[in-house]
Amino acid sequence: MRSTEEFAWVTLTTNDNYGLGALVLAHSLKRAGTAHQLAVLVTPTVSEAMRDRLKDVYNVVQEVNVLDSQDAANLALLARPELGVTFTKLHCWRLVQFEKCVFLDADTLVLKNCDELFEREELSAAPDVSWPDCFNSGVFVFTPSVDTFTKITEFAVQNGSFDGGDQGLLNQYFGDWATADIKKHLPFVYNVTAYASYCYLPAFKQFRDMIKILHFAGKLKPWLIQFNSQTKTAATPNEYAHAQDLIQHWWTIFCDNVHQSLTDNMITITITITIPITR
Ligand code: UDP
Ligand code: GLC
Ligand code: MN
């Protein structure tokens, strides 16, 4: 009988940019008062400096090798050629020291305590706004198991993924999610794709105070938006104006809890923040 350390929130980063997302995510979980552990999967390309910062806030920083779909055709359909590496998420099933986990993309932000998610079973997830009979794999409840890891990776080799990333693969593997058990459908408030809310603004306005987890799904990540340290405002592009305060919230946590621990060489060229990085 294995001794398990109960429950953990799990995320992944394959580079220092998403590492910034993982740092802000961890602080948002702590601000929300979670009682559970935090684990992050890192690949060899994540710098030592970023790993040191991640170790400040994650109970487990686990190095894993990159799993990449190499599926240029389907990733082109998704218009996200860089997401082949999301197959690396599958390593989350190998965290067998935990009894049950919730995976969170590194571009998510926890706004309220969501520890009740650990009462759900594998594979629980929220509908994807663009095709609600698919779940979005940015937030999902799972039970670590080497056997499941082996089965999913073998399935991936045999079948690939219809979107070239983990979401297509997981929706194929857990193919009955849409119909088998409504208890495995998480309410949308656990995975509110911040930018997609534009398509139904009245609901976004009506229910925004119920949002528990924000998800900055899409190309424009908060850490790629220029931030002015004098005015303390993020220069949100017009097409994302409706999500300005959500992006601002991400930057507030970044400023309050993350940026003072970063060093110059951790800020990559794609991030043009105007906050002077000391140390
Ligand atoms: N990810 C990563 N490195 C990458 C791309 C993705 O570590 O180069 C991880 C990260 O945790 C990210 C998740 O895979 O949140 C899914 O990618 P993303 O959030 O960009 O997809 P989206 O939600 O925008 O479709
Ligand atoms: C989806 C999900 C993301 C997943 C990606 C690739 O948009 O938000 O978590 O990694 O597609 O499948
Ligand atoms: Mn995401």
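The rows are residues; the columns are (1) in contact with a Leu (Cβ under 6 Å, 6 or more places away or on another chain); (2) over 30 Å from His249 (Cβ atoms); (3) among the aliphatic types (A, V, I, L, M).
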{"site": "Asp105", "(1), (2), (3)": "no, no, no"}
{"site": "Glu119", "(1), (2), (3)": "no, no, no"}
{"site": "Cys134", "(1), (2), (3)": "no, no, no"}
{"site": "Phe155", "(1), (2), (3)": "no, yes, no"}
{"site": "Ser161", "(1), (2), (3)": "yes, yes, no"}
{"site": "Gly164", "(1), (2), (3)": "yes, yes, no"}
{"site": "Gln167", "(1), (2), (3)": "no, no, no"}
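Of all the listed residues (Asn113, Asn65), the sole one being part of a loop (DSSP other than H, G, I, E, B), of a type outside the set (Lys, Arg) and open to solvent by 70 Å² or more (accessible area, probe 1.4 Å) is Asn65. Of the residues making up region 81-100, those that are surrounded by fewer than 20 Cβ atoms within 10 Å (Cβ to Cβ) and away from ligand 3 (no atom under 16 Å from the Cβ) are Arg94, Val96, Gln97, Glu99, Lys100. Checking every residue in region 36-55 against the condition of being open to solvent by less than 10 Å² (accessible area, probe 1.4 Å), more than 19 Å from Asn171 (Cα to Cα), in contact with an Asp or Glu (Cβ under 7 Å, 6 or more places away or on another chain) and part of a helix (DSSP H, G or I) gives at least one match.
Cβ separations smaller than 7 Å between residues 6+ apart or across chains give the following pairs from region 152-181 residues that are free of Cβ contacts under 8 Å to residues at least 24 places away in the same chain and within 12 Å of ligand 2 (Cβ to nearest atom) to residues that are open to solvent by 40 Å² or more (accessible area, probe 1.4 Å) and assigned to a loop (DSSP other than H, G, I, E, B): Gln172/Phe162. Condition check: within 9 Å of ligand 2 (Cβ to nearest atom), within 30 Å of Leu246 (Cα to Cα), in contact (Cβ under 8 Å) with a residue 60 or more places away in the chain and open to solvent by 40 Å² or more (accessible area, probe 1.4 Å). Does Leu78 satisfy that? Yes, satisfied. The residues of region 137-151 that are under 21 Å from the mean Cα position of the chain (by Cα) and either within 16 Å of ligand 2 (Cβ to nearest atom) or aliphatic (A, V, I, L, M) (or both), listed by number, are Ser137, Gly138, Val139, Phe140, Val141, Phe142. Is it the case that region 194-210 has a residue that's modelled with pLDDT under 90, in contact with a Gly (Cβ under 9 Å, 6 or more places away or on another chain) and open to solvent by less than 10 Å² (accessible area, probe 1.4 Å)? For region 194-210, residues modelled with pLDDT under 90, in contact with a Gly (Cβ under 9 Å, 6 or more places away or on another chain) and open to solvent by less than 10 Å² (accessible area, probe 1.4 Å): present.
Could we say that Ala126 is open to solvent by less than 30 Å² (accessible area, probe 1.4 Å), within 16 Å of ligand 1 (Cβ to nearest atom), closer than 26 Å to Ile253 by Cβ and part of a loop (DSSP other than H, G, I, E, B) here? Here the answer is no, as Ala126 does not meet what is asked. Taking the criterion of being within 13 Å of ligand 3 (Cβ to nearest atom), surrounded by fewer than 21 Cβ atoms within 10 Å (Cβ to Cβ) and within 14 Å of Gly175 (Cβ to Cβ), no residue of region 129-139 qualifies. Do the conditions hold for Phe103, that is, is it crowded, with 24+ Cβ neighbours inside 10 Å and touching a Lys or Arg at 6+ places or on another chain (Cβ under 7 Å)? Criteria met by Phe103.
Among the residues of region 143-177, those identified as buried (at least 16 other Cβ atoms within 10 Å of the Cβ) and among the aliphatic types (A, V, I, L, M) are Ile152, Ala156, Leu169, Leu170. Being at pLDDT 95 or above and in a loop (DSSP other than H, G, I, E, B) is a condition met by at least one residue of region 15-27.
The values are calculated or read from the model by the stated rules, or taken from the named source; none is laboratory data. Every value quoted in this text rests on a predicted model; they were computed, and no experiment measured them. Because the Cβ atoms are built from the backbone with ideal geometry, glycine has one as well, and the counts that use them run over all protein chains shown. Accessible surface is based on the protein model in full, side chains and every heavy atom, while ligands, DNA and RNA are left aside. Shrake-Rupley method; radii C 1.70, N 1.55, O 1.52, S 1.80 Å.
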